[in-house]
Amino acid sequence: MISIGDHCTVPLLLKELNLRTKSYPFDWTTHEEQLHDTNIMHNLSFIQRLSHDNLDSIVEDYLGPDITKGYHDVIRFPHEVGTKEEIAAKYARRFERLREAMQTKQVYVMLTRHYFIPPPLMEKIRNTLLHHGSILVFLSGTDHPYLNYPDVIFKHIPYDVSQFYEYDYTHFRPMVKDYLSRLDNLLHDRIV
């Protein structure tokens, strides 16, 4: 399973559940204004570049000039340690791994806490990722009543942004973990 954002909850929980064995470029990042925005569009633009751009250019643009400070553009890298060169090498491996994985059937997991993904953006996400029979599991704190695609499994887990940090750990993450723990059963008929 491959996390495409929005922040580190999905890869952490997938790892706890033994459903994640590899790291990908969007596992350990979050949007600098995490209470007000999402990094999904930013991540999607880099995923699209994998089809036509060289890896060094992608990594350089993604990390920015001084990743050792933990910020670039609107993306935070709160879990990264090491020299600029070590981090760049790590992200080169992660982007290469993602590029290779996109050539086969995958399960992508996307989480947003309280951001609404409009239909045109969802179409862009589907057109970018969902090839070779791949499936998108989209978990969101906001309901998306328009979602009814055969290649998207949507789960609305209500999120109260006014209670952000504590609520995230006491309510939202446990509910996300419970759902992810049952994901194999949900995917049984879709992934062969």
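Going by the structure shown, is ASP160 of a type in the set (Asp, Glu) and modelled with pLDDT under 90?
On the way: of a type in the set (Asp, Glu): yes; modelled with pLDDT under 90: yes.
Spelling it out, ASP160 is indeed of a type in the set (Asp, Glu) and modelled with pLDDT under 90.
Whether a residue is at pLDDT 90 or above, more than 27 Å from MET102 (Cα to Cα), more than 15 Å from the chain's Cα centre (by Cα) and not hydroxyl-bearing (Ser, Thr, Tyr) was assessed, and PRO174 passes this test.
Looking across the range 75-115, the residues that are within 16 Å of PRO11 (Cα to Cα) and exposed (fewer than 15 other Cβ atoms within 10 Å of the Cβ) come down to PRO78, HIS79. Every listed requirement among (1) of a type outside the set (Phe, Trp, Tyr); (2) over 23 Å from SER181 (Cβ atoms); (3) in contact with a strand residue (DSSP E or B) (Cβ under 6 Å, 6 or more places away or on another chain) is met by PRO150 save one, (3). Checked against (1) at pLDDT below 95; (2) buried (at least 16 other Cβ atoms within 10 Å of the Cβ), PRO118 passes all but a single condition, namely (2). Checking each residue in the range 19-35 for being at pLDDT below 85 and assigned to a loop (DSSP other than H, G, I, E, B) picks out ASP27, TRP28, THR29, GLU32, GLU33, GLN34, LEU35.
Flag: THR142 matches the condition of being surrounded by fewer than 19 Cβ atoms within 10 Å (Cβ to Cβ), under 24 Å from SER45 (Cβ atoms) and free of Cβ contacts under 8 Å to residues at least 40 places away in the same chain. Listed by position, the strands (runs of 3 or more DSSP E) contained in the range 89-192 that have at least 1 residues being among the hydroxyl-bearing types (Ser, Thr, Tyr) are 107-112, 135-140. Every condition in (1) of a type in the set (A, V, I, L, M); (2) part of a helix (DSSP H, G or I); (3) over 22 Å from ARG126 (Cα atoms); (4) modelled with pLDDT under 90 holds for LEU13 except the one numbered (4).
The values are calculated or read from the model by the stated rules, or taken from the named source; none is laboratory data. Bear in mind that the values here come from a model prediction, so they are computed numbers and not experimental data. Heads up, the Cβs are rebuilt from the backbone with ideal geometry, glycines too, and the neighbour counts pull from every protein chain shown.
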